[in-house]
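Q: Provided herewith is a single structure, encoded as structure tokens, for subsequent inquiry.
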Amino acid sequence: MRSNKSKEFLAELKVLCKIHHINVVELLGYASGDDHLYLVYDHQPLSWSARTQVALDAARGIEYIHDHTKARYVHRDIKTTNILLDEGLRAKVADFGLAKLVGRTNEDELIATRLVGTPGYLPPESVKELQVTSKTDVFAFGVVLAELITGQRALTRDNQEPSKMRSLITVVNNIFKEEDPESALELTIDGNLKGNYPPEDVYKMAEIAEWCLSEEAIDRPEMREVVVALSRIRISAIEWEASLGGSSQVFSGVFNGR
């Protein structure tokens with residue numbers, strides 16, 4: 001077992017023992033064997049309504065570690081595979097192996113000694129200058145929102161040039177450069193939704209994603225602002241689903257707060 005992996009494992013274990021929240025993954029235990037270390041989580045396999053709940057849950061989990069813990073944490077590896085779903089399709093933020101303590105203001109930035117995180121989710125300031133603030137997580141969350149909308153991965157092979165990778169960040173940015181961004185967005189919405197979504201709410205979520213993906217960290221929202229915006233979309237999704245005569249998969253809890 002490489003020592004840096006052991007350190008990450010112990011770091012995550014330490015963080016998860018200190019934080020407890022409905023939208024942060026619950027640690028059930030840990031184990032070791034065959035030169036591997038294992039963390040055991042309460043784990044889970046999405047209509048538009050469910051996606052809005054996942055987005056809101058994940059945003060609340062990130063907001064919690066930014067604003068509501070004794071010390072402020074930056075996760076540093078927000079991505080879809082680190083957002084787990086429980087049996088009720090409620091999202092939990094997971095994998096705190098790279099989490100770091102930072103100051104309460106974004107002026108108190110952390111300069112990392114090495115680039116960490118996942119390609120396709122990293123903001124420009126982290127790639128160029130190894131800067132880490134809470135806005136690092138906000139940027140990565142913008143990619144997560146884009147994935148929920150499009151069903152695409154953060155990085156995919158370019159169809160025209162297979163040797164190159166295509167970034168979902170670029171896809172989102174290009175949508176909002178179009179004269180008619182709503183029509184451009186319509187072409188990229190996940191086909192698995194089969195047209196069952198309210199276009200105006202999908203567009204609003206895409207606008208939040210674009211806001212989170214602002215090139216300059218100072219132009220990105222705080223996670224608490226994202227939570228407020230997504231809460232409106234979530235309520236709208238419930239009303240939209242009810243108007244179709246359906247029942248929300250995850251209606252309960254949206255008004256339960258934290």
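Readers should treat all values here as calculations from the given coordinates under stated rules, not as data from a laboratory. Please read these numbers as outputs of a predicted model, since none were measured by experiment. Ideal geometry is used to build each Cβ from the backbone, glycine not excepted, and the neighbour counts take in all protein chains shown.
Q: What is the gain in length, in nm to one decimal, between residue 182 and residue 222 on full extension, counting 0.36 nm per residue of separation less the C-alpha to C-alpha distance?
A: 11.9 nm
Q: Can you tell me which of 226-235, 131-140, 188-197, 26-35 comes out highest on packing, and rank the rest after it, using the mean Cβ neighbours within 10 Å?
A: Going by the mean number of other Cβ atoms within 10 Å, highest first, we get 131-140, 226-235, 188-197, 26-35.
Q: Shifting gears a bit: Given segment 44-243, what percent of its DSSP beta bridges are antiparallel, to the nearest 5?
A: Counting only bridges with both partners in segment 44-243, antiparallel ones make up about 100 percent.
Q: Ok, one more. Quick one: putting +1 on the C-beta of Lys and Arg, -1 on the C-beta of Asp and Glu, what dipole do you get for segment 44-243 around its Cα centre, in Debye to the nearest 20?
A: 800
Q: So, by mean Cβ neighbours within 10 angstrom, what's the order for 161-173, 66-78 with the highest one leading?
A: Answer by packing, highest mean first, reads 66-78, 161-173.
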